[in-house]
Amino acid sequence: MSSVVLDKVTKVYPGGHLAVDRMSLRAEDGEFLVLLGPSGCGKSTLLRMIAGLEEITEGDLWLDGQISNHLAPRDRDVAMVFQNGALYPHRTVRGNMAFPLEIAKADPAMVRERVTELSKALHIDETLDRRPGTLSGGQRQRVAMGRAIVRQPKIFLMDEPLSNLDAGMRTELRMEISSLVRSLGVTTIYVTHDQVEALTLADRIAIMNRGVLQDVGTPGQIYNDPATAFVAAFLSSQQLNLLSATVRTPQNQHVLLDFGPHQLVIPWSDPRAYAVSQHTGRQIIIGIRPDGLAPVQESYDGPSFFGRVRTLEYHGHEWLAYVECGAPAVAVPEPPDPRLAASGRTESGGLRAMVRRMFAPAEQQHEDQEQVGQNPGSGHHRRADLIVRLGGRPAWRPAMPVKVGVDVARLMLFTTDGARIDPPRR
């Protein structure tokens, strides 16, 4: 059993920088777990703590059922693939791949056999006698993977191994990583900031932000039922529509989401209706993915928005429309930064907020100024555009008045601080 268990693990660097905050997570034996999050969220630090390259400030790390906080890296039976490959430039491909087994004083005949077999699986058998400087980026990453895999460790750790490659090479290597790792059945923890990699590779995804675990589950669970608005927005290939609505229950007939010029009805038969009704008279945040919206005819009498097309955007396989609808849109609410809270500061006075205000449009700067002193988790208002997927042959044109159908069942409902509104448990 090669499980990895993190129990309230915290990492604080000298100077008080909090990189990981009370992380509790488990990777099961043979599982492919992806750590996903924006740059600087702590995911690589977490991986390095598992490898033994960083000390754990607080909490416990269990590898294969044994507490491993103070084990040396060589005693953890883990193999790590770094972002840049980190190959020995004076050794050939064969020498790089064989190096871990040579250090372990393995039988030379077995070493040659294993390197040859693995090089064929990674499609680098024709490069065995070449040196890293003569290889492409994709070939170097394959060699780095082969060097990690060749000694058959209990745990693979991969730190953004595809981020330096072009799109076509990333797709090719992504498929090879998935098939190879699953054929070996080795527990794998894979760090990335690319949601496509996470969705296509993972058995489960753990999403981090600001050193804190935001959500964990299968790709389908996290995509369709995200725990926070941040998770919903981060796990979207196109920008997520986030709108502010006031909850009303007119004569207790249904739950009404009031967007100002638009209203949507949630019937009482919807399992979410009761939970939303508890926010009557208050604002909540509505998340709608672009594929949850669709062009409809003017005669359509179902749930819809109306507006005017501001612009169209071509993506090769599809068009996206930006529709001005007048509904109050909000920015993605993020949880308070524990690193700022620990020092008694707030983000509104920090460098990140100052830079955001400097480069924001004039109207947004005015809105931000009005919101100084408010809860930073409530999100600030931004331009009220709906992003709508149109497919390959759009009938819409800029400045055209349009009607947009809404799939109410696919609405994601959050409180103003970004937490999911859950139906009551039975």
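The values are calculated or read from the model by the stated rules, or taken from the named source; none is laboratory data. As the structure is a prediction and not an experimental result, all values here were calculated from the model. No Cβ is skipped: glycine too gets one built from the backbone with ideal geometry, and neighbour counts run over all protein chains shown.
Checking the structure you have, find out if any residue of segment 282-298 is assigned to a loop (DSSP other than H, G, I, E, B), of a type in the set (Asp, Glu) and more than 29 Å from the chain's Cα centre (by Cα).
Within segment 282-298 (the criterion being assigned to a loop (DSSP other than H, G, I, E, B), of a type in the set (Asp, Glu) and more than 29 Å from the chain's Cα centre (by Cα)), the answer is yes, since at least one residue qualifies.
What's the number of the only condition in (1) free of Cβ contacts under 8 Å to residues at least 40 places away in the same chain; (2) assigned to a strand (DSSP E or B) that Leu53 fails to meet?
(2) is the only condition that Leu53 fails.
Can you say whether Leu46 is in the same structural domain as Val81 (by TED's automatic domain parsing), not in a strand (DSSP E or B) and not charged (D, E, K, R), as far as the supplied structure shows?
Against the criterion (in the same structural domain as Val81 (by TED's automatic domain parsing), not in a strand (DSSP E or B) and not charged (D, E, K, R)), Leu46 qualifies.
Restricting to segment 250-280, and then to whatever is without any contact (Cβ under 8 Å) to a residue 40 or more places away in the chain and assigned to a loop (DSSP other than H, G, I, E, B), can you tell me which residue is surrounded by the fewest Cβ atoms within 10 Å (Cβ to Cβ)?
Per the criteria, the residue is Ser269.
For a quick check of your reading of the model, give me the residue pairs whose first member lies in segment 107-127 and is surrounded by 11 or more Cβ atoms within 10 Å (Cβ to Cβ), whose second is hydrophobic (A, V, I, L, M, F, W, C), with beta-carbon atoms closer than 6 Å and at least 6 apart or on different chains.
Sorted first by the residue in segment 107-127, then by its partner, the pairs are Val111/Ala98; Val111/Leu101; Arg114/Val150; Val115/Met97; Val115/Ala98; Leu118/Val150; Ser119/Leu128; Thr127/Val93.
Restricting to segment 51-96, what's the tally of residues that are in contact with a Lys or Arg (Cβ under 8 Å, 6 or more places away or on another chain) and closer than 29 Å to Arg170 by Cβ?
14
I'm checking my understanding of the structure. Among residues of segment 319-331 that are over 12 Å from Pro398 (Cα atoms) and outside any loop (DSSP other than H, G, I, E, B), which one is farthest from the chain's Cα centre (by Cα)?
Among those that are over 12 Å from Pro398 (Cα atoms) and outside any loop (DSSP other than H, G, I, E, B), it is Trp319.
Only residues in segment 149-163 that are modelled with pLDDT of 85 or more count as the first member; pair them with residues that are crowded, with 23+ Cβ neighbours inside 10 Å and among the charged types (D, E, K, R), Cβ under 6 angstrom, at least 6 apart or cross-chain, and list the lot.
Listed pairs, sorted by first residue: none to list.
Run down Ala79, Ala86 and say which single residue is closer than 24 Å to Asp194 by Cα, part of a strand (DSSP E or B) and aliphatic (A, V, I, L, M).
Matching residue, one of Ala79, Ala86: Ala79.
Looking at segment 299-318, can you tell me whether even one residue there is in a strand (DSSP E or B) and without any contact (Cβ under 8 Å) to a residue 24 or more places away in the chain?
yes
Do we have Leu18 as under 21 Å from Asn69 (Cβ atoms), crowded, with 16+ Cβ neighbours inside 10 Å and at pLDDT 95 or above here?
Against the criterion (under 21 Å from Asn69 (Cβ atoms), crowded, with 16+ Cβ neighbours inside 10 Å and at pLDDT 95 or above), Leu18 does not qualify.
Among the residues of segment 211-220, is there at least one that is in contact (Cβ under 8 Å) with a residue 40 or more places away in the chain, within 23 Å of Glu324 (Cβ to Cβ) and hydrophobic (A, V, I, L, M, F, W, C)?
no
Among Leu240, Leu180, Leu201, Leu184, which is in the same structural domain as Phe305 (by TED's automatic domain parsing), in contact (Cβ under 8 Å) with a residue 24 or more places away in the chain and among the aliphatic types (A, V, I, L, M)?
Exactly one of Leu240, Leu180, Leu201, Leu184 is in the same structural domain as Phe305 (by TED's automatic domain parsing), in contact (Cβ under 8 Å) with a residue 24 or more places away in the chain and among the aliphatic types (A, V, I, L, M), namely Leu240.
Only one of these is among the aliphatic types (A, V, I, L, M), under 30 Å from Pro219 (Cβ atoms), in the same structural domain as Ala202 (by TED's automatic domain parsing) and not in a loop (DSSP other than H, G, I, E, B): Val20, Val12. Name it.
Within the list Val20, Val12, the selection yields Val20.
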